[in-house]
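Every number here is computed from the coordinates shown, using simple stated rules; none is lab data. None of these values were measured; they are calculated from a predicted model. As a convention, Cβ positions derive from the backbone with ideal geometry for all residues, glycine included, and neighbour counts pool all protein chains shown.
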Amino acid sequence: MTQLIDGKKIAAQIKDEVKYDVDKLRSRGREICLAVIQVGHDPASTVYVRNKKRACAYVGIESLSYELDESASEEELIGLVEKLNENEKVTGILVQLPLPKHMSEKKVINAISPNKDVDGFHPESAGRMCRGEKGMLPCTPSGIVELLKRSDISIDGKECVVVGRSNIVGKPAALLLLRENGTVTVAHSHTKNIKDITKRADILVVAVGKPLFITADYIKEGAVVIDVGIHRDEENHLCGDVDFEDVKEKASAVTPVPGGVGPMTIAMLMRNCVAASEK
Ligand code: GUN
């Protein structure tokens, strides 16, 4: 029987754990406050931001919203980030990506104080993760590892293949699987014979950003398949980078979309908000 990895349920457990920690910290006088910045009105970003603020309210973290117009300048955004860096009440800062084309995501991320970097995107956080030092971990990759651990799927010694090499998901996911003693291969758009690589995987993490890209012929019998993608199909239904219906018999475990990796990203963000407040 194929195991359905229930990200929604596991994320709910984590949020309840965070809520308990936040209550305890509050009773000792510590308040946690996340500043969320959105630039423009990308509908997907609006949904993500709304869900992040809802999760904050649930666990007892205050959230402050900053909405900048699409036409705002990079200087204006960096100015706001710097003001929030100085604001002692604010313990975490999140700039929702993607940013409009005229802004450099790199410059904006670099402007966030590493102590308030709840996304784990700052070069200091990335460097610490790379070296296996304590620090803020990016939420989607750490959510994937947590999802595997809480589903009793061991990573140690396993052939792990990550498809995609973005700074937000693919690259950090590869590093975190390596940290858990996986044998890690990263496949990407220039990889030759990609099926030969993905078919080696005991654990396949897919973050390519292409709907239904991975079908049954890309996976080994009994593989664990983690789908990071989220798209709308022709009928406006949500789907992932993996053709769930096609792989579900062949895989030993698979994440659904929605209800797999997505909710984990937000749960791990809540954890990072608590960690940042300790800095
Ligand atoms: N856009 C897509 N994923 C993320 C994320 O994890 N954090 C931020 N800030 N923006 C995103």
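By definition, a body whose alpha carbon gyration tensor gives a ≥ b ≥ c is oblate when a/c is 1.5 or more and a/b is not larger than b/c, and the stretch 1-90 fits this oblate description. Computed from the C-beta positions of LYS101 and LEU4 and an R0 of 41 Å, the FRET efficiency is 0.60 to the nearest 0.05.
Over all projection directions, the Cα-based convex hull of the stretch 152-260 averages an area of 6.6 nm². Starting from the Cα gyration tensor of the stretch 122-208, take the square roots of the eigenvalues, sort them a ≥ b ≥ c, and report rounded, prolate or oblate (rounded when a/c is under 1.5, otherwise prolate if a/b is larger than b/c, else oblate). Because a/c hits 1.5 or more and a/b fails to exceed b/c, the stretch 122-208 counts as oblate.
Our helix-only sum for the chain, with -39,500 (n - 2.57) per DSSP H run of n ≥ 4 divided by its residues, gives a mean residue ellipticity at 222 nm of -12500 deg cm²/dmol. Ellipsoid fit via the Cα gyration tensor, the stretch 6-53: semi-axes of 26, 18, 4 Å, each the root of five times an eigenvalue, largest first. Measuring how big the stretch 1-157 is from its alpha-carbon positions, Rg and Dmax come out at 17.0, 54 Å. You can think of it this way: the chain between LYS192 and GLU62 has 42.0 nm of extra reach, that is 0.36 nm per residue less the Cα-Cα gap.
Compared with the direct C-alpha span, the chain from ASP23 to GLU249 gains 77.1 nm at full extension, assuming 0.36 nm per residue.
Sort 252-259, 90-97 by the packing proxy (mean of other Cβ within 10 Å over each peptide's residues), most packed first. List each step's numbers first, then the result.
Values: 252-259: 20.5, 90-97: 23.0.
Result, highest mean first: 90-97, 252-259.
Cross-link candidates for LYS15: which aspartates and glutamates have Cα within less than 16 Å, leaving aside residues fewer than 8 places away along the same chain? Within the straight-line limit of under 16 Å, LYS15 reaches these aspartates and glutamates: ASP6, ASP23, GLU62, GLU146.
A straight chain from ASP16 to LYS199 at 0.36 nm per residue would run longer than the Cα-Cα distance by 62.2 nm. Inter-label distance, SER71 to ASP156: 5.9 nm, where each label sits 7 Å from its Cα along the C-beta direction. Computed over the Cα atoms of the chain, the ratio of the radius of gyration to the Kirkwood radius (Rg/Rh) comes to 0.97.
Sort the following peptides by mean Cβ neighbour count (other Cβ atoms within 10 Å, averaged over residues), highest first: 148-161, 63-76.
Ranked from most to least packed, the peptides come out as 148-161, 63-76.
For trypsin sites (Lys or Arg not before Pro), the sites in the stretch 185-271 that DSSP calls loop and that have at most 12 other Cβ atoms within 10 Å are LYS192.
With an 8 Å cut-off on Cα pairs and a minimum separation of 6 or more residues, tell me the relative contact order of the chain in percent. Let's see the in-between values first.
On the way: 554 pairs, mean separation 62.1, N = 279.
Relative contact order for the chain comes out at 22 percent.
Rounded, prolate or oblate, given the Cα gyration tensor of the stretch 223-267, with a/c below 1.5 counting as rounded?
Working: a/c = 2.65, a/b = 1.10, b/c = 2.40.
Taking the square roots of the gyration eigenvalues as a ≥ b ≥ c, the stretch 223-267 is oblate.
Spatially, the stretch 76-143 and the stretch 236-279 are offset by 21 Å when compared through their Cα centroids.
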